[in-house]
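Colleague: Sending over a structure as structure tokens; questions will come in a sec.
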2 protein chains.
Amino acid sequence: MTITDVFESYKSDLLRVETQIQEGLKSRAVLIGQVGNYLLGGGKRIRPLLLMISANLCGNPGPQAVNMAAMVEFIHTASLLHDDVVDDAKMRRGKDAANNIWGNQATVLIGDFLYSKALHDSVKLENQAVLESISFATQTMSEGEVLQLLKTGDPDITEEEYMEIIEAKTAALISSACRIGAVLGAMPREKQEALAGYGMDIGRAFQLVDDTLDYTAREDKLGKALGKDLGEGKLTLPLIHLIGNSAPEEAAKIRNIIQEQSQDREDLEYILSLMRERRSAEYAVGRAESFIERAKGRLSVFPASPHKDALYAVADYVIEREM
Amino acid sequence: MTITDVFESYKSDLLRVETQIQEGLKSRAVLIGQVGNYLLGGGKRIRPLLLMISANLCGNPGPQAVNMAAMVEFIHTASLLHDDVVDDAKMRRGKDAANNIWGNQATVLIGDFLYSKALHDSVKLENQAVLESISFATQTMSEGEVLQLLKTGDPDITEEEYMEIIEAKTAALISSACRIGAVLGAMPREKQEALAGYGMDIGRAFQLVDDTLDYTAREDKLGKALGKDLGEGKLTLPLIHLIGNSAPEEAAKIRNIIQEQSQDREDLEYILSLMRERRSAEYAVGRAESFIERAKGRLSVFPASPHKDALYAVADYVIEREM
């Protein structure tokens, strides 16, 4: 089963989610719909997909699951909008970043609208455990973003600190999407935790792969410039690995490059060639692979089913995309 | 009873709120506490005060009320942080604006943290009606901010549109603070609505007075420059009134001033002197006064009590401060 097969299998569920997303963007303020549509248009819908697979696996892919799948995508989109302001991004998903078109003002405020709309609509479901999960994930994400900011440009960041950041900013919401499917299916605690754990692990792997692609992808496929994280002072695992596996004079040169206001092509080439030599990308991907294996293992509490196969396929996709 | 007496009467309640605020600012990310403390330090705590008076009036000023009073202040503070980024503010409450010290990045992200923390902590209370109220208010606020942005620099904004904006961006949260006191006291619907309506009306008056002070206050008392709204293209009631009560050539000049990139002292003086002549500030304050009267009238469903007196005193304070 490939990821294309998976999207095909859940096509009707995802169409229901799209309708819900459109519904949610209706507001007195027309700009909300415009910006929302622009940004929401480019998404792969991985989080809604995971929520719907999880809900199907747990026997309740009803309107509440569809609603929460849309809300999870709203929260994800809000975080992208605010990220773009924070990073002063030029491109997002191969298009101009929203802040580049509508300015920081609209981008901040529409992000706020999407966050608050998602939480308000979640409240309407009157399901305490769902609310607990989604509001905790949202808080964790924002804490992760602040932690990341605090570590910006810090060449002494440890692998442990890096993991803490990606768990908070990326994995928590994916985990919540998977958990909500189980909660809506009224699964026992053990199965809720299994799906939440699966989501955490593929979330970790997802960000690890993303961060590695920033050094290894082809720029036309990535939809943004290579070495973007380096330029923004975001120290991700490939670079952390490289610093830890460099001779003192190499490490000193890398630290200098990190602390420069803007790196030139030569700086990036130096780092890329050293990364190839020290196999830093392979190290980061290896970590991602072990999370994917663990994620799959967590599903052993569920009997074999097409939905379980779909979760396996998503896990494989996370690691295989564009590498 | 003056506002000072009111703050004195609810001193112990407000101290409990302060403790809760400090508790809420604890995070793995130390910056959150720093920025939070800096900004939260300058607030008058009008919203927590209203929630605690309302909770006392309705017989349940317990830990849940204290918790929600802190959360309402978090949401208010988050909106100030994002406002400062949106307005590119230099000053706030007589101090440097947060974005001027920590940059837009931290300001956006810590605003997100305060929002999401407040909603997550509210979820923990497991009170559906409280959650409904606070999450609706938060969504309404963000919608109001977008509406305001859409009307920036538009000299054709109507009084009705202006009222819609201030109801959403300011009055909704104050109304929610008052309603939550009634909900926690398990009051019948009629009394919940009375307090929510009281909050809406004093919220409307509060913003009307604020917007008028921007043209009439002494700069040293205002803690920011006079005519700030004009400079930001925010058309508030005094200016809307003035445009509607000007001769064609005056109106044309005012429109030109509004559309300039930056107004000089002479532009401001022109508008101020015309406002004095046409009594535009008096008009806006008159509107505020009528909301204050209506707010007080709504409390008739409650028997006389010191808590009701306190709500009257807060209403009077809203209109009397610094005018």
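Colleague: How many residues does the stretch B:123-155 hold that are modelled with pLDDT of 95 or more, hydrophobic (A, V, I, L, M, F, W, C) and touching a Lys or Arg at 6+ places or on another chain (Cβ under 7 Å)?
Modeller: Total satisfying the criteria: 1.
Colleague: Pick out the one residue from A:Asn67, A:Asn60 that is out of contact with any Ser or Thr (no Cβ under 7 Å at 6 or more places or on another chain), in a helix (DSSP H, G or I) and away from every other protein chain (no Cβ under 14 Å). Explain how you work it out, then say what you get.
Modeller: Numbers: A:Asn60 fails: in a helix (DSSP H, G or I).
Going through A:Asn67, A:Asn60 in turn, the sole match is A:Asn67.
Colleague: Mind listing just one residue for me: the one in the stretch A:1-32 that is of a type in the set (Gly, Ala, Ser) and within 26 Å of A:Val130 (Cβ to Cβ) and, of those, modelled with the lowest pLDDT?
Modeller: Ranking the qualifying residues of the stretch A:1-32, first place goes to A:Ser27.
Colleague: Output the residue which, of all residues in the stretch B:265-288 that are acidic (Asp, Glu), out of contact with any helix residue (DSSP H, G or I) (no Cβ under 8 Å at 6 or more places or on another chain) and at pLDDT below 95, is surrounded by the most Cβ atoms within 10 Å (Cβ to Cβ).
Modeller: The initial filter retains those residues of the stretch B:265-288 that are acidic (Asp, Glu), namely B:266-267, B:269, B:277, B:282.
Narrowing the set further to residues that are out of contact with any helix residue (DSSP H, G or I) (no Cβ under 8 Å at 6 or more places or on another chain) leaves B:266, B:269, B:277, B:282.
Still in the list and also at pLDDT below 95: B:266, B:269.
Working: B:Glu266: 9, B:Glu269: 11.
In this case the residue turns out to be B:Glu269.
Colleague: Taking the condition among the acidic types (Asp, Glu) and more than 19 Å from the chain's Cα centre (by Cα), does A:Asp156 pass?
Modeller: yes
Colleague: Does the stretch B:1-21 hold any residues that are surrounded by 14 or more Cβ atoms within 10 Å (Cβ to Cβ) and in a helix (DSSP H, G or I), and which are they?
Modeller: Result: B:Ile3, B:Val6, B:Phe7, B:Ser9, B:Asp13, B:Leu14, B:Arg16, B:Val17, B:Glu18, B:Gln20, B:Ile21.
Colleague: Now for a separate question. Of the residues that make up the stretch B:99-117, is at least one of a type in the set (Phe, Trp, Tyr) and under 30 Å from B:Val301 (Cα atoms)?
Modeller: No: zero hits.
Colleague: What number of residues in the stretch B:222-264 are small (Gly, Ala, Ser), crowded, with 16+ Cβ neighbours inside 10 Å and outside any loop (DSSP other than H, G, I, E, B)?
Modeller: So the count comes out to 1.
Colleague: Within the stretch A:295-323, which residues are basic (Lys, Arg) and not in a helix (DSSP H, G or I)?
Modeller: Listed by number, the list holds a single entry, A:Arg321.
Colleague: Here's another thing I want to ask about it. Which one of these does B:Lys26 not meet: (1) free of Cβ contacts under 8 Å to residues at least 60 places away in the same chain; (2) assigned to a helix (DSSP H, G or I); (3) surrounded by fewer than 21 Cβ atoms within 10 Å (Cβ to Cβ)?
Modeller: Among (1) free of Cβ contacts under 8 Å to residues at least 60 places away in the same chain; (2) assigned to a helix (DSSP H, G or I); (3) surrounded by fewer than 21 Cβ atoms within 10 Å (Cβ to Cβ), B:Lys26 violates only (2).
Colleague: Among the residues that make up the stretch A:73-92, is at least one of them buried (at least 21 other Cβ atoms within 10 Å of the Cβ), among the small types (Gly, Ala, Ser), more than 9 Å from chain B (Cβ to nearest Cβ) and within 23 Å of A:Leu25 (Cα to Cα)?
Modeller: No, that holds for no residue.
Colleague: Also, I was wondering about something else. If you scan the stretch A:38-57, which residues turn out to be modelled with pLDDT of 80 or more and part of a helix (DSSP H, G or I)?
Modeller: A:Ile46, A:Arg47, A:Pro48, A:Leu49, A:Leu50, A:Leu51, A:Met52, A:Ile53, A:Ser54, A:Ala55, A:Asn56, A:Leu57
The values are calculated or read from the model by the stated rules, or taken from the named source; none is laboratory data. Predicted, not measured: the structure shown is a model, and the values here were computed from it. FYI the Cβ positions are ideal-geometry reconstructions off the backbone, even for glycines, and counts take in every protein chain you see.
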